[in-house]
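Report on the structure given below.
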Amino acid sequence: MSDIIKTQRSLAIKAKYQKEHQFDHLYRLICRQDWIKDALDTILSNKGSKTAGIDGVTKKTLQSDTAKAEFVNELEAELR
């Protein structure tokens, strides 16, 4: 099981059983390269990933590992 899934499950359990808890520092998780890469891989594996996103990027644009790495780096920089 990946660290991302473990973290997500941990957060879900805490939210379920500690309803008054206010989470902080969640944005830092979204900005992590491993989370961005995992999200990108998930999106690119979807059937509907042939359609360009709002930014005009298509699955075809991200075919190479280099293109994916550049995209992840750019997105991380924009988020930060």
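The values are calculated or read from the model by the stated rules, or taken from the named source; none is laboratory data. These figures come from a predicted structure and were not determined experimentally. With ideal geometry, Cβ positions are generated from the backbone for all residues, glycine too; neighbour counts draw on all protein chains shown.
Among the residues here, residue 76 qualifies as in contact (Cβ under 8 Å) with a residue 24 or more places away in the chain and not hydrophobic (A, V, I, L, M, F, W, C). Residue pairs whose Cβ atoms lie under 7 Å apart, sitting 6 or more positions apart in sequence or on different chains, and linking a residue in the stretch 5-27 that is free of Cβ contacts under 8 Å to residues at least 40 places away in the same chain and part of a helix (DSSP H, G or I) to a partner that is of a type in the set (S, T, N, Q) and loosely packed, with under 10 Cβ neighbours inside 10 Å, do not occur here. Against the list (1) modelled with pLDDT under 90; (2) part of a helix (DSSP H, G or I), the condition residue 67 fails is (1).
Between 44, 11, 75, 26, which is under 13 Å from the mean Cα position of the chain (by Cα), of a type outside the set (D, E, K, R) and at pLDDT 90 or above? Of 44, 11, 75, 26, the one residue that is under 13 Å from the mean Cα position of the chain (by Cα), of a type outside the set (D, E, K, R) and at pLDDT 90 or above is 75. Look at the stretch 39-64: where a residue is closer than 17 Å to residue 75 by Cα and a partner is part of a helix (DSSP H, G or I) and polar (S, T, N, Q), sitting 6+ places away or on another chain with Cβ atoms under 8 Å, you get 43/49; 59/49. Each residue in the stretch 21-80 was checked for being exposed (fewer than 11 other Cβ atoms within 10 Å of the Cβ), within 25 Å of residue 10 (Cα to Cα) and either out of contact with any helix residue (DSSP H, G or I) (no Cβ under 9 Å at 6 or more places or on another chain) or among the basic types (Lys, Arg) (or both), and 5 pass.
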